[in-house]
Amino acid sequence: MANNKITSIEEAIATHVRHGDVVALQNMATQAAPMAAVRELIRQDKRGLGVVVLVGGIAVDWLSFAGVMDRLIGAAVTMEQFGLCQRYRKAVEGGRVRVEELSETALNARLGAGARNLPYLPTRGLIGTDLIGQNPDNLRLVEDPFGGPAVVACRALVPDVALVHAHRVDAEGNVQYKPTTLWPDIGIFPKAARKVIVTAEEIVSSDILRRSPDRTVLPGFVVDAVVEVPYGAHPTSFFPEYRYDSDFHLAWAKASRDDAAAQEFFDRHVLGPTSHAEYLSAAEGAAMMSRLRGREGV
Amino acid sequence: MANNKITSIEEAIATHVRHGDVVALQNMATQAAPMAAVRELIRQDKRGLGVVVLVGGIAVDWLSFAGVMDRLIGAAVTMEQFGLCQRYRKAVEGGRVRVEELSETALNARLGAGARNLPYLPTRGLIGTDLIGQNPDNLRLVEDPFGGPAVVACRALVPDVALVHAHRVDAEGNVQYKPTTLWPDIGIFPKAARKVIVTAEEIVSSDILRRSPDRTVLPGFVVDAVVEVPYGAHPTSFFPEYRYDSDFHLAWAKASRDDAAAQEFFDRHVLGPTSHAEYLSAAEGAAMMSRLRGREGV
Amino acid sequence: MSGEAYQEARDYTVDELMISVLSNFFEDGDQACNGMASFLPVSAFMLARLTHAPGLVWLASATGLEPRPAKVPASTLESQLWSDSVMYMEQYGDFWNYAMNGRWLQKFCVGAAQLDMYGNANNSVIGADFHTPKVRLPGTAGLGDMGSLGKLLYYWNPNHSPRSLVEKVDFVSAAGYLGGGDEREDLGLAGGPQAVVTNLAVLDFEPESKRMRLRSAHRGVTMDDIRAATGFELVIPTDVPTTPAPTEEQVRLIREVIDPDGMRKREFGR
Amino acid sequence: MSGEAYQEARDYTVDELMISVLSNFFEDGDQACNGMASFLPVSAFMLARLTHAPGLVWLASATGLEPRPAKVPASTLESQLWSDSVMYMEQYGDFWNYAMNGRWLQKFCVGAAQLDMYGNANNSVIGADFHTPKVRLPGTAGLGDMGSLGKLLYYWNPNHSPRSLVEKVDFVSAAGYLGGGDEREDLGLAGGPQAVVTNLAVLDFEPESKRMRLRSAHRGVTMDDIRAATGFELVIPTDVPTTPAPTEEQVRLIREVIDPDGMRKREFGR
């Protein structure tokens, strides 16, 4: 019965992501970004990607610096306590990345409509802001046919690919999280997208998932590729496994303010390593891991 | 910090349900109906209730027979393998209960809009059926402002009260289910309603809930009353605790075809018992319980 | 499995035949889900997964993904059916993401109290007045959605009669081909009814007119039997084949593995 | 707690004062939730729960209900903040049911790069052209929703300056009172900005004109300091009180229990 979707990150990105695709990227500031997949997008030199994020972080900064993305659809981009994403800022301010800025309810409505094959879903958020007039292709104030208040119709958005990182996945793509808060994106990103690539800390047999079926959050039939990547979210956090890497974020935040330093950091951590293992050792793998687990205290 | 909402079923129904209210009733054919609350509605002789169900069962049959409800808003009413609800049928055919029939997506859209304070939510279901023209107050075909296909706008529905049965609840009303499939209604009924009454197999301390916070499905701040009622869903099932009571359903299905027999059954099981304990013994409490647990094999 | 397994069974009953026919509509890569009182569809899904479609994904009761039930239980909406699932799917928020999407769950086995010559279905009311009907039926439930959401609908009807197969439904609870021809298409609706599997025959819809058509007659059933049991004039091709019998292996699996308690028989002769 | 606990502290810093002021906006029966980089609001919620509002419901990072964090961690969007929660609330499907509903989560502490004289907020862009801005700000996130969903908004601003408090925002990312007067009401929007708590003063909005007004000045801050640090003309009443100092107990709780690591200090002097 098993439909085996296990592959390598290189293969998954090469097969399922085309130049110009709209890529929905799991991310919440310093949390839960599928960073192994993001680095592979950069190594394969994808071009002209549109990136959908709720709150983008270092992943968006890297994709902007590498020139992989030329547009962003999202609610915010920041590394929280590590500051704004300088390379993303420069790219936007220089006109190299175009931003479609949406509030959270508007982004959710666009993706929710995409998932449910509806032309649009409404929100009452954003009314009175400049963000509606700024985005006539996707946001329209419409009347309520029942005579109630007007709503903002948010046009359906169907990303070409969703990139998701999870704790556990089986060969068929059934995705499970350990008890923790669910990342906002899981609720809708992979359900709206045409294709889904899942990287996971661990690939397990379905029998493991059957022990807690209420914790399976994504059915395998929506998933196209499954890749095992321990620490696949580093340097972002992946609670309860490990927290964000402060030192790494600080180092990038510092380097990103200077072209040469940024390029050097990038060569060492993104372009240099030819595998995830090499990436981890470049980031002082073992030491880093224990440090992050230790400090998370789990 | 605790805001203690624990009360009795009599008090909960007397305080929070008024004549004429629209009551959202958790129910899925033979599953998970808050029957102790339903019997209390009948004992207190509430009048003119509107009942919202996804798929109503014996609860709707009883509420119709007792003359408690005069309208139904829902997708279906049936006792599945135990047949149609004869007393509900007679009440509708006799014009004593008025039906607003909605498909599942339309009912979900009406309640979803109610929960999110939106005037309506759209669906693409029902297009081409007679159910739209039948219900102009709540369903309207509207154009897509972006030039896509038309959708059915489903007007917001905000029930006055939601009746929910759960495995566990704490004094503040935080509701948790044991690993099982979540009843469809839990996803939206209590979130759309103005008030929520939770009956549960067990009232536990919050510390118990904190052991598996990912299994808490309803936050206490939406709940108004908490009542402990073991076997509170009998004769419907409450997996994994106990299954539906086939003998009881069959007995009612038979009795319900004859006025005198129906009244006799009703006097014995609904009007007669002055407490849930008396109800259980009338239903051969202990024997019934082991039978249902046994047959469920949990 | 020996070659004989593929031999047509001589000893089979109509419920087994209907299950075999329904199972053949589902293939690897499809996702199937069942509602309540659906013994034949559930048996058909289990049969397909045990034979030609091991990769058929099954969402039991629209909530238990890839379950491993011991057998068909007394209800197709109870926990024994979704035992040992790999996922419990939440309904309101999650199931409909997949069901409405259009890429998944594209085939549904559905039943209705009335089905008309253009595949329109009625599960709402018998009689002229919706609010004081002659008979109040259970209601449209999810059927009113599936009829409009571009799904491929496979109706099953264990009681082929002029009461269940009518010229025009009293009330349209689920869209079929409406008035026939391009009416459904013109409304922007994809998919629609594909077949009707009854205790007498297998029916489909004539591509142009969208009128219900006889595709095959079950063993021992005559044209006259079918005409007499149908409330309208079926499109009947010049030669009508006999419905292919289930294989011996299919019959064995249904009787011994899938439904040893014979729950499937409950659907007949109501 | 001794009577002295209620005595005004003499020894307190501006961050402790701002936390005290923010905490007083929240009462038993309210539900509060925090976003990222929100050290002052998180400290204020924890303080309120430890003092005057034990029944204040807190949804940490909009996902962890009634958590018991040991102290304020280095991020207000990390698991240490929602440790020992009674519920992990899913965001897309569930959180917004409550946040949009209108009965719950009615008060929000929010920050913005620019806030104007009518309480309109900008977190999007500095400069004239949205697509080639002088400065690309993080983005509106949930603020663009809360500004329109009838919430009561409490802005905090640790760096009161003509750059952050401007006459007119370059871009409206979140609705305040728009052009003032009844403009917001006329658009059918309830709620709106209630107060602005800065490192110099507490500001609110004049009921008729909806213009920002000085409510109280922090200890040792002069009218001239405030005028010089504000990019527009504030409504200034004839006599302006000094912002009430935190109590000794509040200061002790902030320093010893809530935020011993002083994370709250990070928000200042950026």
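Between identical copies, the spacing of B:Arg293 label points, each set 7 Å from Cα toward the C-beta atom, reads 4.1 nm from nearest to farthest. Which of C:His52, C:His131, C:His218 ends up with the largest GNM mean-square fluctuation for chain C, with Cα atoms connected below 10 Å? Result for chain C, Cα springs under 10 Å: C:His131 fluctuates most.
The 3J(HN,Hα) values that the Karplus relation (6.51, -1.76, 1.60; θ = phi - 60°) gives for region D:208-215 are, in residue order, 7, 6, 6, 7, 5, 10, 7, 9 Hz. Gly and Pro appear as x. Show which lysines lie in cross-link reach of A:Lys5 when reach means a straight Cα distance below 18 angstrom and same-chain residues fewer than eight apart are skipped. Filter leaves A:Lys191, A:Lys195. In this Cβ point-charge picture (+1 for Lys and Arg, -1 for Asp and Glu), chain D has a dipole of about 500 debye about its Cα centre.
Calculated FRET efficiency, C:Glu183 and A:Thr15, Cβ-Cβ r, R0 25 Å, to nearest 0.05?
Working: r = 42 Å, r/R0 = 1.67.
About 0.05, to the nearest 0.05.
Projecting 7 Å from Cα along the Cα-to-Cβ direction, the label point of D:Arg163 sits 8.2 nm from its equivalents in the other copies, listed shortest first. When both bridge partners sit in chain D, DSSP labels roughly 50% of those beta bridges antiparallel. Specify whether the C-alpha gyration tensor of region A:249-298 places it in the rounded, prolate or oblate class, a ≥ b ≥ c being the square roots of the eigenvalues: rounded for a/c under 1.5, otherwise prolate if a/b is larger than b/c and oblate if not. Oblate, because a/c is 1.5 or more while a/b does not exceed b/c.
Residues A:Ile186, A:Ile208, ranked from the fewest to the most other C-beta atoms within 10 Å, line up as A:Ile208, A:Ile186. The relative contact order of region D:1-159, computed from alpha carbon pairs under 8 Å that lie at least 6 residues apart in sequence, is 17 percent.
Residues whose amide H falls under 5 Å from that of D:Leu165, counting only those 5 or more places apart or on a different chain, are D:Leu115, D:Gly231, with hydrogens built in the peptide plane. Here C:Trp156, A:Trp183 are placed in order of increasing Cβ neighbour count within 10 Å, fewest first, which gives C:Trp156, A:Trp183.
Could you tell me whether region B:1-57 comes out rounded, prolate or oblate from its Cα gyration tensor? Rule is a ≥ b ≥ c as square roots of the eigenvalues, rounded for a/c under 1.5, then prolate if a/b exceeds b/c, otherwise oblate.
Values: a/c = 1.90, a/b = 1.32, b/c = 1.45.
Cα axes put region B:1-57 in the oblate bin.
Let me have the 222 nm mean residue ellipticity of chain C computed from DSSP H runs of 4+ only, each contributing -39500 (n - 2.57), with the sum over all residues rounded to the nearest 500.
Values: 7 runs with 48 residues, N = 270.
Computed mean residue ellipticity for chain C: -4500 deg cm²/dmol.
What the phi angles of region A:51-68 give under the Karplus curve with 6.51, -1.76 and 1.60, with θ = phi - 60°, is a coupling list of 10, 9, 9, 6, 9, x, x, 4, 4, 5, 5, 5, 5, 6, 4, 7, x, 6 Hz, glycine and proline written as x.
Of all DSSP beta bridges located in chain A, what percent are antiparallel, nearest 5?
On the way: 14 of 46 bridges.
Beta bridges within chain A, antiparallel portion: roughly 30 percent.
Looking at this model, which pairs from A:Lys46/A:Lys90; A:Lys46/D:Lys151; A:Lys254/D:Lys71; C:Lys134/C:Lys265 are more than 31 angstrom apart at the alpha-carbon? Don't skip to the answer; put the middle values down first.
Details: A:Lys46/A:Lys90 20 Å; A:Lys46/D:Lys151 42 Å; A:Lys254/D:Lys71 28 Å; C:Lys134/C:Lys265 28 Å.
Beyond 31 Å: A:Lys46/D:Lys151.
Ascending distances from the B:Ala171 label point to its copies in the other chains, with the point 7 Å along the Cα-to-beta-carbon line: 5.2 nm. Could you identify which residue out of C:Phe205, C:Phe26, C:Phe95 has the top mean-square fluctuation in a GNM of chain C using Cα springs shorter than 10 Å? Largest GNM mean-square fluctuation: C:Phe95. For C:Thr198, the amide hydrogen comes within under 5 Å of the amide hydrogens of C:Asn157, C:Leu203, counting only partners 5 or more places away or on other chains and with H modelled in the peptide plane.
In terms of the Cα gyration tensor, with a ≥ b ≥ c the square roots of its eigenvalues, is chain B rounded because a/c is under 1.5, prolate because a/b exceeds b/c, or oblate? Show your work: numbers first, answer last.
Details: a/c = 1.75, a/b = 1.22, b/c = 1.44.
The shape class here is oblate.
Amide H contacts under 5 Å for B:Ala162: B:Ala24, B:Lys195, B:Val196, B:Ile197, restricted to partners 5 or more places along the chain or on a different chain, H placed in the peptide plane at 1.01 Å from N.
Rounded to the nearest 5, what % of the DSSP beta bridges within the protein assembly as shown are antiparallel ones? Here the share of antiparallel DSSP bridges comes out near 40 percent.
Working from Cα pairs under 8 Å separated by at least six residues, relative contact order for chain B is 20 percent.
Taking A:Met35, A:Met288, A:Met69 in turn, the Gaussian network model of chain A (Cα-Cα springs below 10 Å) assigns the largest fluctuation to A:Met288.
Here the Karplus curve 6.51 cos²θ - 1.76 cosθ + 1.60, taken at θ = phi - 60°, turns the phi angles of region A:214-229 into couplings of 6, 9, 7, 10, 9, x, x, 5, 9, 9, 9, 9, 10, 9, 8, 9 Hz, with x standing for Gly and Pro. For the rotation that carries chain D onto chain C, the axis lies closest to a Cβ at D:Gly93, 2, where the number is the distance in whole Å. Calculated mean residue ellipticity at 222 nm for chain A: -8000 deg cm²/dmol, from DSSP H runs with n ≥ 4 weighted as -39500 (n - 2.57), summed, divided by the residue count and rounded to 500.
Exposure proxy check: C:Lys151, B:Lys254, A:Lys195 ranked by fewest other beta carbons within 10 Å?
Numbers: C:Lys151 24, B:Lys254 15, A:Lys195 21.
Ascending Cβ contact count within 10 Å gives the list B:Lys254, A:Lys195, C:Lys151.
Rounded to two decimals, the Cα-based Rg/Rh of region C:116-270, with Kirkwood Rh, is 0.99.
Any read-out appearing in this document is the output of simple, stated calculations on the displayed coordinates, not a laboratory observation. Not measured: the values here are computed from a predicted model. Don't worry about glycine lacking a Cβ; one is built from the backbone with ideal geometry, like all the others, and counts go over all protein chains shown.
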